[in-house]
Amino acid sequence: MRIEARNLKYTYSPDMPGSATALDGVSFCVDGAGIVGIIGHTGSGKSTLLQHLNGLIAPTSGDIFIDGECITGGKRNLTDIRRKIGLVFQYPEYQLFEESVAADVAFGPKNLGVKSDEIEDRVRRAIEVVGLDYEDVKDKSPFELSGGMKRRAAIAGVIAMEPEVLMLDEPTAGLDPAAHRDILAMIKRMQREMEMIILFVSHNMADIAELSDRVIVMSEGKIAMDGTPREVFAERERLTEMGLSLPLAGKLGLEISERLKDFATEALSIDELAGDIERYIKG
Amino acid sequence: MIRDITLGQYYPGNSVIHRLDARTKIIATLLYIVVLFMVKNFWGFLIAAAFMFAIIEFSRVPVRFIFRGLTAVFLIIAFTFVINLFMVDGRVLWEWKFLSITYEGVSRAFFMAVRLVLLIIGSSLMTLTTKPIELTDGLEKLLKPFSKIGLPSHEIALMMTIALRFIPTLMEETDKIIKAQQARGADFESGNLLYRAKALIPILIPLFINSFRIAQDLALAMEARCYHGGSGRTRMNEIKFHRGDVIAALLMAVFTGIIVLSRSL
Amino acid sequence: MAFISVRDLTLEFTKYDEEGRAESSNKALDTISLDIEKGSFTAVVGMNGSGKSTLAKCLNGLLLPTEGSVNVDGMDTSDDSHIWDIRSKVGMVFQNPDNQIVSSIVEDDVAFGPENLGIEPAEICRRVDDALRKVGMYEKKDKPAHMLSGGQKQRIAIAGAVAMRPDCIIFDEPTAMLDPSGRGKVMEIIKELNAEGITCILITHFMEEAAESDRIIALKDGRIASDSSPIDLFSDARLIEELGLELPPAIELRERLGMDKCVSNIEDMADEIRGRAQQGRNSFSE
């Protein structure tokens, strides 16, 4: 699986006085399974980019290729795009609508024209992948579930479409610490088991550092940085200029190293930081 | 696009028009609409349009901003134009099978379209130059005399305040839900009427549920901020009539008079 | 008597069947007693469904106790005649910034509370301007609220509470839906308001925010599971685990390095690390 964006530009209401450029020459390529984290200040174009990749917005100019096939040209088959690329919106639980969890999860595959005997299999698998008990929740109303479970049921609705690429827009926003950890673990597990490409947008730098193999930084509609978490978070000043910060553990490491002359660390998690400090103590 | 709708939006400013009492503007707008339907001929429209553009000039609201509001209702105007164009009997100018365009049809269609455009410009100018809260306060005061016969004037005004406030929020919400369901493969553009109506369910149900959630949240927030009905409430900016309102009333009277006279031209 | 005093507060939600008979009931809050002193800064934490928001809504009479009592400045919330006094003394800011703004224009929304209190127009103007300056939104006073960012909307909501000149403000997960810069700004404002003497009660999922308070009340299944200083709560790693919470990063690091809980800031931690490294080298050279 390979997604490529070439010089994407997108302008809201181009002829109007209130026009705004949301994407301004975005090019990148993701080739092969892995988790790509996308960060950027609010309004930097992250969500607009995800919606382009899913064919929900057509770019003002530029092209998107999926496995070499252009999806932005005149006659694009949207169903085909959505079979390959799934998008989970922010607060996806607000889009649940069916009477039962199983029916809601089946909505996507049904729209794709999946045969009914296969749908049930897919629904069962998707509900289990997100870590819910199929027998327990399938007949329940989605509105009876707790906040974290609702979120997972909503994600299952996209998983059941069995996309090769899964995009998640702030999947942990507004959850309590326990539900937050569950969702992170779920993303990691899904990536491992299904060997898919996962693109996820988050404001939580610790999550980005923990999950991502690669981090793309957006700023004012452009890709400002693109590299491994360590490469990206090493450029502290540039991140600050863009209104972004390090993961809290990274900040902590920095503050400690400012106070200890000969101690340096690139730690992005508490685990790494504690290890670095222990090594320093041992000399 | 949602951002393009200007009806109900406010354009901050401090022009003579902005400073008029909301009640003056509401009544003047209603009167202007009535007058528009009294116009009979080209000269009348010329005067009505000139009057409107003079007011726009005084309001200092950019003309392009006002016309942006028109694009949203362009379809309605075009539809009215076409209907009038073909449906009026009279001297035939052009004929094709059962379709015919008459001289009277052309003039009626043209007048109706101009009338609608001026009507929409006039009412958007009112909302553009009046803060929503002043507009609803004005409405509340105008309706006050009717509260004696049981009309809940305060509640109507509050409903309008909240509606104006939440229109953009609900539009964004709808946009988000549509996109999210499209991402799940929902198709709203093909199929017959019944199929399309059914396709709306995945949008309408979340929209209803979310609206109820918003209403519940808002009710709680209002209670927490001590809202307990209209009695004992004060206003930050009590609306008052000034000299400008008297002048505006006189101008409106003169304008109405001229239009009436123009009918006999 | 404390500013807010809660005694044996129990709140039951009863589910009714179709014929209107009580079917099941569920205790959202279970015999809670606590005092909130004037000028204090208290954080309330706990998992979703632990009763945090329900407790908050009991403190200004939005919900009334099934059993027990809540007193605000000597007034019982169950006493109808005082309810507006209580709500004007205890303001509230909610989670969703969009759903608590009543008027389209910023300053009109901030004026909503004082208008309900029947305050003189000139005084309302003064309060609105003051409140907007306090949250740094004075420049946006005549702008439409829906054009602002989430963080800015939340600051308008705080100004709306501040303009009522309350003694206490309850913040019910005010940062849950904001981006990091919006969250930082809101926390700054809360700390400033507290420094000016306003009693603050902050409900939050973010432990680094809770750590800024003087006292953390942790709820579990509608009961108080812990009520202590942040230092004490966060040094009990087992309790944190049990409550479904997590440690703020600085404290997690301290725990990992096995340092004493009196190591409360970066300065101390750096000293401790330096000391240990020194010690290691000394024993090595011996």
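If the requirement is being outside the structural domain of A:Gly55 (by TED's automatic domain parsing), among the aliphatic types (A, V, I, L, M) and surrounded by fewer than 21 Cβ atoms within 10 Å (Cβ to Cβ), which of these qualifies: A:Leu184, A:Leu175, A:Leu145?
Going through A:Leu184, A:Leu175, A:Leu145 in turn, the sole match is A:Leu145.
So that you can scan it fast, the table gives a plain yes or no per residue for (1) within 14 Å of another protein chain (Cβ to nearest Cβ); (2) open to solvent by less than 10 Å² (accessible area, probe 1.4 Å); (3) in a strand (DSSP E or B):
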{"site": "C:Arg7", "(1), (2), (3)": "no, no, yes"}
{"site": "C:Phe13", "(1), (2), (3)": "no, no, yes"}
{"site": "C:Ser25", "(1), (2), (3)": "no, no, yes"}
{"site": "C:Lys38", "(1), (2), (3)": "no, no, no"}
{"site": "C:Ala56", "(1), (2), (3)": "yes, yes, no"}
{"site": "C:Leu64", "(1), (2), (3)": "yes, no, no"}
{"site": "C:Gly68", "(1), (2), (3)": "no, no, yes"}
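Residues that are more than 12 Å from chain A (Cβ to nearest Cβ), closer than 22 Å to C:Lys134 by Cβ and among the hydroxyl-bearing types (Ser, Thr, Tyr): list the strands (runs of 3 or more DSSP E) wholly contained in segment C:158-235 that include at least 1 such residues. Steps first, please.
Working: elements: C:168-172, C:199-203, C:215-220, C:223-228.
Ranges flagged: C:199-203.
So that you can scan it fast, the table gives a plain yes or no per residue for (1) without any contact (Cβ under 8 Å) to a residue 40 or more places away in the chain; (2) more than 24 Å from the chain's Cα centre (by Cα):
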{"site": "A:Ala234", "(1), (2)": "yes, no"}
{"site": "A:Gly243", "(1), (2)": "no, no"}
{"site": "A:Gly253", "(1), (2)": "yes, yes"}
{"site": "A:Lys261", "(1), (2)": "yes, yes"}
{"site": "A:Ala264", "(1), (2)": "yes, yes"}
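Assuming B:His242 fulfils every condition listed in (1) open to solvent by 40 Å² or more (accessible area, probe 1.4 Å); (2) closer than 25 Å to A:Val88 by Cβ apart from one, which condition is it?
All conditions are met except number (2).
Given A:Arg279, A:Arg230, which one is within 25 Å of C:Ser181 (Cα to Cα), surrounded by fewer than 18 Cβ atoms within 10 Å (Cβ to Cβ) and not assigned by TED's automatic domain parsing to the domain that holds A:Val105?
A:Arg230 is the lone residue from the list that is within 25 Å of C:Ser181 (Cα to Cα), surrounded by fewer than 18 Cβ atoms within 10 Å (Cβ to Cβ) and not assigned by TED's automatic domain parsing to the domain that holds A:Val105.
Taking C:Asp268 and the conditions (1) within 29 Å of C:Ala195 (Cα to Cα); (2) within 12 Å of chain A (Cβ to nearest Cβ); (3) modelled with pLDDT of 90 or more, which numbered condition does it fall short on, given that it satisfies the others?
C:Asp268 satisfies every listed condition except (3).
Scan segment A:86-103 for residues that are surrounded by 24 or more Cβ atoms within 10 Å (Cβ to Cβ) and more than 9 Å from chain B (Cβ to nearest Cβ) and jot them down.
Selection gives A:Val101 alone.
For segment A:1-65, which fully contained strands (runs of 3 or more DSSP E) count at least 2 residues that are open to solvent by 30 Å² or more (accessible area, probe 1.4 Å) and at pLDDT 90 or above?
Strands (runs of 3 or more DSSP E) meeting the threshold: A:2-12, A:20-31.
Residues are listed down the side, and each one gets a yes or a no for (1) under 22 Å from B:Gln9 (Cα atoms); (2) open to solvent by 10 Å² or more (accessible area, probe 1.4 Å); (3) not in a helix (DSSP H, G or I):
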| residue | (1), (2), (3) |
| --- | --- |
| C:Ser88 | no, yes, no |
| C:Asn96 | no, yes, yes |
| C:Pro114 | no, no, no |
| C:Glu123 | no, yes, no |
| C:Ala131 | no, no, no |
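Please find, among A:Ile216, A:Ile198, A:Ile208, A:Ile223, the residue that is assigned by TED's automatic domain parsing to the domain that holds A:Cys29 and closer than 22 Å to C:Leu247 by Cα.
Just a single option satisfies the conditions, and that option is A:Ile208.
Being more than 7 Å from chain C (Cβ to nearest Cβ), out of contact with any strand residue (DSSP E or B) (no Cβ under 8 Å at 6 or more places or on another chain) and under 16 Å from A:Gly40 (Cα atoms) is the requirement here; does A:Leu246 meet it?
yes
With respect to the numbered conditions (1) within 14 Å of chain B (Cβ to nearest Cβ); (2) assigned to a helix (DSSP H, G or I); (3) acidic (Asp, Glu); (4) farther than 23 Å from A:Ile3 by Cβ, which one is the sole condition not fulfilled by A:Asp80?
Condition (4) is where A:Asp80 drops out.
Taking segment B:196-229 on its own, how many of its residues are open to solvent by 30 Å² or more (accessible area, probe 1.4 Å) and more than 8 Å from chain C (Cβ to nearest Cβ)?
15
So C:Pro230 passes all but one of these: (1) of a type outside the set (Lys, Arg); (2) under 23 Å from A:Leu252 (Cα atoms); (3) open to solvent by 50 Å² or more (accessible area, probe 1.4 Å). Which condition number does it fail?
Among (1) of a type outside the set (Lys, Arg); (2) under 23 Å from A:Leu252 (Cα atoms); (3) open to solvent by 50 Å² or more (accessible area, probe 1.4 Å), the lone unmet condition for C:Pro230 is (3).
Residues checked against (1) touching a residue at least 60 places away in the same chain (Cβ under 8 Å); (2) open to solvent by 40 Å² or more (accessible area, probe 1.4 Å); (3) not acidic (Asp, Glu):
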position	(1), (2), (3)
B:Leu135	yes, no, yes
B:Ser147	no, yes, yes
B:Pro152	no, yes, yes
B:Met159	no, yes, yes
B:Glu173	no, no, no
B:Ile177	no, no, yes
B:Asn192	no, yes, yes
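Listed residues A:Ser257, A:Ser269; which is more than 7 Å from chain C (Cβ to nearest Cβ), touching a Phe, Trp or Tyr at 6+ places or on another chain (Cβ under 6 Å) and polar (S, T, N, Q)?
Values: A:Ser269 fails: touching a Phe, Trp or Tyr at 6+ places or on another chain (Cβ under 6 Å).
A:Ser257 is the lone residue from the list that is more than 7 Å from chain C (Cβ to nearest Cβ), touching a Phe, Trp or Tyr at 6+ places or on another chain (Cβ under 6 Å) and polar (S, T, N, Q).
The values are calculated or read from the model by the stated rules, or taken from the named source; none is laboratory data. Note that the structure is predicted; figures quoted are calculated from it, not measured. A quick note on method: Cβ atoms are made from the backbone with ideal geometry, for glycine too, and the neighbour counts reach across all protein chains shown. For the accessible areas, the whole protein counts, side chains as well, though only heavy atoms, and no ligand, DNA or RNA atoms are used. Shrake-Rupley method; radii C 1.70, N 1.55, O 1.52, S 1.80 Å.
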